[in-house]
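Take a look at the structure set out below.
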């Protein structure tokens with residue numbers, strides 16, 4: 001036996017990365033640094049990939065990919081600190097988001113008047129003349145975002161991205177709801193009950209567009225046509241929304257013989273800073289609109305603006321404040337639709353805690 005072992009050839013696995021152990025990589029200056037001190041970078045990747053090329057790559061990635069890229073190495077972390085990267089991300093997130101009208105003081109309105117795209121008009125409010133500043137297209141402009149980042153976030157675009165509430169366009173918000181329904185007594189089964197599960201789906205678009213659907217279908221089935229252009233046969237309704245700090249208000253019109261409007265108020269939050277992956281359902285109200293129903297879904301939000309909770313414009317369709325089916329919306333990115341736990345059937349997940 002010992003003679004046979006002497007003739008065995010052992011194959012040694014090549015591990016070229018072992019030579020990197022013990023090598024200390026010095027920190028490199030970030031992109032745009034004014035330091036003239038030469039940096040000796042022993043890493044081959046850092047020597048062959050210049051900062052300019054890194055910036056071009058990072059400028060074409062999503063902000064969440066930038067956060068993951070900052071965990072790769074020290075050089076990438078320094079390069080991703082470049083304010084221009086986060087400025088572009090903030091402008092894409094808020095320049096195309098509709099905002100609710102805000103009443104401000106006359107002094108602040110006069111200061112804002114210097115920015116382009118703003119219209120000022122007077123409105124009497126409790127015998128005090130105040131001004132309302134609205135952009136011409138109800139959007140946050142470049143100058144408005146620059147003012148906000150200076151006054152509220154100390155001039156840091158990255159801090160603004162992390163701390164300022166926003167809606168996400170790179171996925172679907174899902175609310176999983178369950179309830180118990182009594183069944184029919186058959187043979188030896190007495191008092192049967194059924195656990196019913198259904199979902200509310202919301203997808204936000206820039207410029208104030210929203211898609212809404214209520215169905216028992218799983219997430220992977222709904223995402224196939226909610227990512228594209230859904231048809232009327234898919235029962236996906238189009239509405240409008242606007243933002244006011246950490247709250248989003250939306251209105252969806254249900255067409256038919258007796259048109260009904262669905263009014264939704266959501267509160268944006270996140271399980272981690274900057275995630276914005278949860279939406280608490282503050283209120284869910286259905287009301288009749290009657291003869292004054294808007295002809296287009298783009299006008300539905302303006303039509304119901306200022307309505308009371310119990311207000312309806314059709315006596316045959318009373319206003320209903322829904323207390324059930326108001327589970328928290330969970331954000332699911334498009335790349336995680338197929339693997340999300342929200343696709344599990346009721347027998348494998350009877351209750352879901354959104355967190």
The number of residues in the range 194-203 that are surrounded by fewer than 15 Cβ atoms within 10 Å (Cβ to Cβ) and closer than 23 Å to residue 277 by Cβ is 1
Test each condition in (1) without any contact (Cβ under 8 Å) to a residue 40 or more places away in the chain; (2) surrounded by 12 or more Cβ atoms within 10 Å (Cβ to Cβ) for residue 167 and report the one that comes out false. (1)
Residues in the range 50-89 that are outside any helix (DSSP H, G or I), without any contact (Cβ under 8 Å) to a residue 12 or more places away in the chain and either within 22 Å of the chain's Cα centre (by Cα) or in the same structural domain as residue 146 (by TED's automatic domain parsing) (or both): how many? 3
Checking residue 316 against (1) within 18 Å of residue 214 (Cα to Cα); (2) assigned to a loop (DSSP other than H, G, I, E, B); (3) at pLDDT below 90, only one condition comes out false. Which one? (1)
Would you check if there is a residue in the range 191-212 being modelled with pLDDT under 90, more than 21 Å from residue 346 (Cα to Cα), in the same structural domain as residue 263 (by TED's automatic domain parsing) and more than 16 Å from the chain's Cα centre (by Cα)? no
Got a sec? Which of 259, 230, 206, 255 is out of contact with any helix residue (DSSP H, G or I) (no Cβ under 7 Å at 6 or more places or on another chain) and crowded, with 19+ Cβ neighbours inside 10 Å? 259
Might you check whether a residue that is closer than 30 Å to residue 195 by Cα, assigned by TED's automatic domain parsing to the domain that holds residue 180, touching a strand residue (DSSP E or B) at 6+ places or on another chain (Cβ under 9 Å) and assigned to a loop (DSSP other than H, G, I, E, B) occurs anywhere in the range 296-313? no
Scanning the range 215-234 residue by residue, those without any contact (Cβ under 8 Å) to a residue 24 or more places away in the chain and outside any helix (DSSP H, G or I) turn out to be 215, 216, 217, 228, 229, 230, 231
Members of the range 319-355 found to be more than 27 Å from the chain's Cα centre (by Cα) and outside any loop (DSSP other than H, G, I, E, B), listed by number: 320
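Yes/no per residue for (1) within 30 Å of residue 164 (Cβ to Cβ); (2) in contact with a strand residue (DSSP E or B) (Cβ under 6 Å, 6 or more places away or on another chain); (3) surrounded by 15 or more Cβ atoms within 10 Å (Cβ to Cβ):
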| residue | (1), (2), (3) |
| --- | --- |
| 180 | no, yes, no |
| 183 | no, yes, no |
| 192 | no, no, no |
| 213 | yes, yes, yes |
| 218 | no, no, yes |
| 226 | yes, yes, yes |
| 250 | yes, yes, yes |
Tell me whether the range 293-309 contains one or more residues that are surrounded by fewer than 18 Cβ atoms within 10 Å (Cβ to Cβ), farther than 20 Å from residue 212 by Cβ and modelled with pLDDT under 80. yes
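The values are calculated or read from the model by the stated rules, or taken from the named source; none is laboratory data. Just so you know, these numbers come straight off a predicted model, no measurement behind them. Heads up, the Cβs are rebuilt from the backbone with ideal geometry, glycines too, and the neighbour counts pull from every protein chain shown.
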